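The values are calculated or read from the model by the stated rules, or taken from the named source; none is laboratory data. Predicted, not measured: the structure shown is a model, and the values here were computed from it. Note that we place each Cβ from the backbone using ideal geometry, even for glycine, and neighbour counts take in every protein chain shown. All accessible areas refer to the heavy atoms of the entire protein, side chains included, with ligands and DNA or RNA removed. Shrake-Rupley method; radii C 1.70, N 1.55, O 1.52, S 1.80 Å.
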Amino acid sequence: MRLYHWIMQLLFPPKCVLCGGLLEKEALDLCRRCRVDAPWYPNRKTKLQFLDSFAAVWYYEGSVRKSLLRYKFRNARSFAGAYGRLLAMKLQEEYPEGFDCLSWIPVSRLRRLRRGYDQVELLAKAVGRELGLVPVPLLTKVRHNRPQSRIHGAAERRANVLGAYRVTGPEGLAGKRVLLLDDILTTGATAGEAGRVLLTAGAKEVHCAVVAAARK
């Protein structure tokens with residue numbers, strides 16, 4: 001087993017999830033430069049529309065944006081482990097009280113078929129391993145809407161996701177404090193709509209966490 005890991009590290013040496021540079025010995029996920037220069041997101045924000053709060057690891061810009069686009073559209077599934085570890089660390093700092101359940105905002109069936117995976121589900125599994133929580137699929141996407149990245153106005157984005165999600169098991173939501181994951185938060189329209197659906201179904205609180213959020 002040790003020989004196998006040695007060969008794999010020789011053939012596929014660990015790289016920084018942001019810049020792609022080779023990691024120094026004992027380094028994990030990020031190189032020394034990116035640990036210093038990455039656009040780290042500050043403390044969690046509270047009282048967004050239909051969300052009690054949200055937290056992010058980074059601002060969605062520069063090397064972070066490039067890394068997430070590779071993860072989302074270029075089959076860089078292996079990034080999920082690094083993102084999950086870093087996001088879990090952020091959550092442990094910001095929410096020491098923890099959560100009742102962990103879930104994620106799913107992609108549509110058609111988008112998953114085309115892409116071959118749901119990048120946020122992979123993220124949820126990685127975060128769950130770190131936090132000791134098993135991700136629960138609380139939501140399903142019932143409408144294949146236009147990608148939010150192609151819509152610029154906040155009002156248009158809210159309209160685009162309205163009615164796009166449905167709760168899969170409302171009977172288990174009553175009074176629960178939910179951690180809801182997504183990969184990127186820009187205007188908050190998608191996360192807000194998912195939060196609205198969960199709160200309507202009986203959730204007590206919905207807190208969103210993402211890998212990166214827009215600066216505005």
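Among residues belonging to the range 166-190 that are open to solvent by less than 20 Å² (accessible area, probe 1.4 Å) and more than 16 Å from the chain's Cα centre (by Cα), point out the one that is modelled with the lowest pLDDT. Among those that are open to solvent by less than 20 Å² (accessible area, probe 1.4 Å) and more than 16 Å from the chain's Cα centre (by Cα), it is G169. Considered as a group, the residues in the range 81-101 that are part of a loop (DSSP other than H, G, I, E, B) and charged (D, E, K, R) include one that is surrounded by the fewest Cβ atoms within 10 Å (Cβ to Cβ), and that residue is E97.
Selection of the range 41-86 for residues being at pLDDT 95 or above, over 21 Å from G116 (Cβ atoms) and among the polar types (S, T, N, Q) yields S53, S63. Only one of the listed residues (R70, R77, R44) is surrounded by fewer than 18 Cβ atoms within 10 Å (Cβ to Cβ) and touching a residue at least 24 places away in the same chain (Cβ under 8 Å). That residue is R77. Return a yes/no flag: does the range 191-210 have any residue that is surrounded by 18 or more Cβ atoms within 10 Å (Cβ to Cβ) and in contact with a His (Cβ under 8 Å, 6 or more places away or on another chain). No, the conditions are met nowhere in the range 191-210. Against the list (1) of a type outside the set (K, R); (2) farther than 19 Å from F54 by Cα; (3) more than 18 Å from the chain's Cα centre (by Cα), the condition S67 fails is (3). Of the strands (runs of 3 or more DSSP E) lying entirely inside the range 111-216, those carrying at least 1 residues that are touching a Cys at 6+ places or on another chain (Cβ under 6 Å) are 177-185. Does the range 146-160 include one or more residues that are buried (at least 17 other Cβ atoms within 10 Å of the Cβ) and at pLDDT 90 or above? No: zero hits. When the range 102-124 is filtered for residues that are open to solvent by 20 Å² or more (accessible area, probe 1.4 Å) and under 22 Å from K204 (Cα atoms), only W104 remains.
Taking the criterion of being open to solvent by less than 100 Å² (accessible area, probe 1.4 Å) and acidic (D, E), the only residue of the range 10-36 that qualifies is D29.
Here the condition is being of a type in the set (A, V, I, L, M, F, W, C) and without any contact (Cβ under 8 Å) to a residue 60 or more places away in the chain; of L122, L91, it holds for L122 alone.
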